[in-house]
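Report on one structure; see the data block that follows.
The values are calculated or read from the model by the stated rules, or taken from the named source; none is laboratory data. In this text the structure is predicted, and so the values were computed from the model without any measurement. FYI the Cβ positions are ideal-geometry reconstructions off the backbone, even for glycines, and counts take in every protein chain you see. Each accessible area value is taken on the protein alone, full model and side chains, heavy atoms only, with ligands, DNA and RNA left out. Shrake-Rupley method; radii C 1.70, N 1.55, O 1.52, S 1.80 Å.
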Amino acid sequence: MIHEIFPVGVLGCNCSVIGDATTHEALVIDPGDEIDRILSVLARHQLTLRQIIVTHAHIDHVGGAMRLKQATGAPILLNKNDYALLKMLDMQAAWIGVPSPGAVTIDHSLNDQDAIQCGTLNGIAMHTPGHTEGSMCIYFPVEKKLIAGDTLFAGSIGRTDLPGGSFNKIITSLHDRVLALADETVVIPGHGPLTTIGEERQSNPFLVKS
Ligand SMILES: [Zn+2]
């Protein structure tokens, strides 16, 4: 698996470029901004982009999706429960003081348990509401990697005080779905350093059982 992770945009959203080294097909997860940089990573590995996956409809994760789609023709996938948040991108842009990216059109809803295929690579979509209603994690079982969006961070969890957020739902998602994964699973959070399920199970103050 080719997997490049780099922060994009003013809020440093972790963007993943995932490619199959054999077929040269690729996924991009969370193209929040810096589309030229994403395109140069794709070009450096000679990858053809097949899908643009957005973990949730916050501007720092979805802001560059349309430009990436225009440049590559790849479809954009987002869970339908976040379509309402997508209509608020102008407001979200104002909150963080960046220009609005304009309207984003979703090609398909990404639903719980959907298979994500990219060449010989296989991922599974997990609906993990709480940070937003439509928040998704993407799990790659062979590689034991979880792209967690803003559901789980190293030592913390996603904020739930924005529209569509629910503390009870994120805790349920984390305990029932995320912590069901094996300890050695590498977690790529939406922001900040990588971690593992085992590390978070043991030391994340939101997750340790008292
Ligand atoms: Zn977010």
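Summary table below
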quantity	calculated
Aspartates and glutamates with Cα under 17 Å of K209, excluding same-chain neighbours fewer than 8 positions away	D176, D183, E199, E200
Proximal lysines to K80, defined as alpha-carbon separation beneath 28 angstrom and excluding residues fewer than eight positions away on the same chain	K69, K144, K145, K169
Sorted peptide list for 98-104, 26-32, 172-178, criterion being average Cβ within 10 angstrom, highest first	26-32, 172-178, 98-104
Dimensions (Å) - the stretch 124-201, Cα atoms, principal axes, largest first	34, 23, 18
Solvent-accessible heavy-atom area per residue, rounded to whole Å², over the stretch 32-94 at 1.4 Å	42 Å²
Largest-first principal axis extents of the Cα set of the chain (Å)	49, 41, 27
Cα-based shape type of the stretch 55-110, given that a ≥ b ≥ c are square roots of the gyration tensor eigenvalues and the cut on a/c is 1.5	oblate
Interchain or long-range residues, amide H under 5 Å from T55's placed H	D30
Dipole in debye (nearest 20) - the chain, about Cα centre, beta carbon charges: Lys, Arg +1; Asp, Glu -1	100 debye
The chain, accessible surface, carbon-and-sulfur percent (1.4 angstrom probe)	53 percent
